[in-house]
Amino acid sequence: MIRFFRTIKDDVDAIFERDPAAKGMIEVILCYPGLHAILIHRISHYFYKRGLSLLPRMISNIGRFFTGIEIHPGAKIGRKVFIDHGMGVVIGETAEIGNNVTIYQGATLGGTGKEKGKRHPTIGDNVVISSGAKVLGPFTVGENSKIGAGSVVLKEVPPNCTVVGVPGRIVVKDNVKINSCDNGIDLDQIKLPDPIMDELTCLKEKIAELQNKIIEMEERK
């Protein structure tokens, strides 16, 4: 029981570390649905690990009703996980989430088929999953990585990477740990690389270069 309350305290501390809108302990305890969802999940997961099926699912459904966040009782969630706002977040049965992970509203940690066994992603420590991102499949997202808003990730992500786009494309930051915040977690969802725009820019430059060469050839004639 002491360990349980220590874990909840860690979850509360994570909110103060990462959300500048958090003004006080009472406000966080009463008004943060992400915290409520994780608390309810830890209770349902306790019963799930003891071989029960119906009771954990009922507890999980109660949590979904009150918070708008659906976490299967079988999912494994580490310490200091922060679900910000959280409406529409879905976390599947075999998903595993490490420590210091931040998940924003509308994100999904889901599967891609009806296969048995491991079918949901494993999320490493210090990962940020931005608004509306979909991480689908039984692969690993490496520690210190960031999934951009609206991205759809369908394959493994190495550590220290940023993923953007549909389907998700990996942008490696020289394999250097993201460390732009005091607590070592980069929560920026906006200033992300855009590999598609980079390719389009390159194509525009090549087209402009070809057009100039054609004009030069015509002038010589």
If the requirement is being in contact with a Cys (Cβ under 9 Å, 6 or more places away or on another chain), buried (at least 21 other Cβ atoms within 10 Å of the Cβ) and either more than 16 Å from residue 10 (Cβ to Cβ) or small (Gly, Ala, Ser) (or both), which of these qualifies: 141, 135?
141
Can you tell me which condition residue 57 does not meet? The list is (1) under 26 Å from residue 151 (Cα atoms); (2) out of contact with any strand residue (DSSP E or B) (no Cβ under 6 Å at 6 or more places or on another chain), and all the others hold.
(1)
Could you list, in sequence order, all residues of segment 136-153 that are part of a loop (DSSP other than H, G, I, E, B) and either basic (Lys, Arg) or under 13 Å from the mean Cα position of the chain (by Cα) (or both)?
142, 143, 144, 145, 148, 149, 150, 151
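Restricting to segment 82-98, count the residues that are under 19 Å from residue 118 (Cβ atoms) and either part of a strand (DSSP E or B) or among the charged types (D, E, K, R) (or both). Show your work before the answer.
Going residue by residue through segment 82-98, those that are under 19 Å from residue 118 (Cβ atoms) are 90-98.
Still in the list and also either part of a strand (DSSP E or B) or among the charged types (D, E, K, R) (or both): 90-91, 93, 96-97.
Of the residues in segment 82-98, 5 are under 19 Å from residue 118 (Cβ atoms) and either part of a strand (DSSP E or B) or among the charged types (D, E, K, R) (or both).
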Hey, among the residues in segment 107-124 that are crowded, with 19+ Cβ neighbours inside 10 Å and in a loop (DSSP other than H, G, I, E, B), which one's nearest to the chain's Cα centre (by Cα)?
107
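Any idea which of 82, 5, 47 is in contact with a Lys or Arg (Cβ under 7 Å, 6 or more places away or on another chain) and among the hydrophobic types (A, V, I, L, M, F, W, C)? I'd like the intermediate steps shown before the answer.
Values: 5 fails: in contact with a Lys or Arg (Cβ under 7 Å, 6 or more places away or on another chain); 47 fails: in contact with a Lys or Arg (Cβ under 7 Å, 6 or more places away or on another chain).
Checking each option against the conditions leaves just 82.
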Residue 178 vs. criteria in contact with a strand residue (DSSP E or B) (Cβ under 8 Å, 6 or more places away or on another chain), modelled with pLDDT under 90 and aliphatic (A, V, I, L, M)
yes
Among the residues of segment 1-45, which ones are out of contact with any helix residue (DSSP H, G or I) (no Cβ under 8 Å at 6 or more places or on another chain) and under 15 Å from residue 76 (Cβ atoms)?
none
For residue 97, only one of the following conditions fails: (1) crowded, with 22+ Cβ neighbours inside 10 Å; (2) more than 17 Å from residue 39 (Cβ to Cβ). What is its number?
(2)
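The values are calculated or read from the model by the stated rules, or taken from the named source; none is laboratory data. Everything numeric here is computed off the predicted structure, so don't read it as measured data. Every residue, glycine among them, receives a Cβ derived from its backbone with ideal geometry; neighbour counts consider all protein chains shown.
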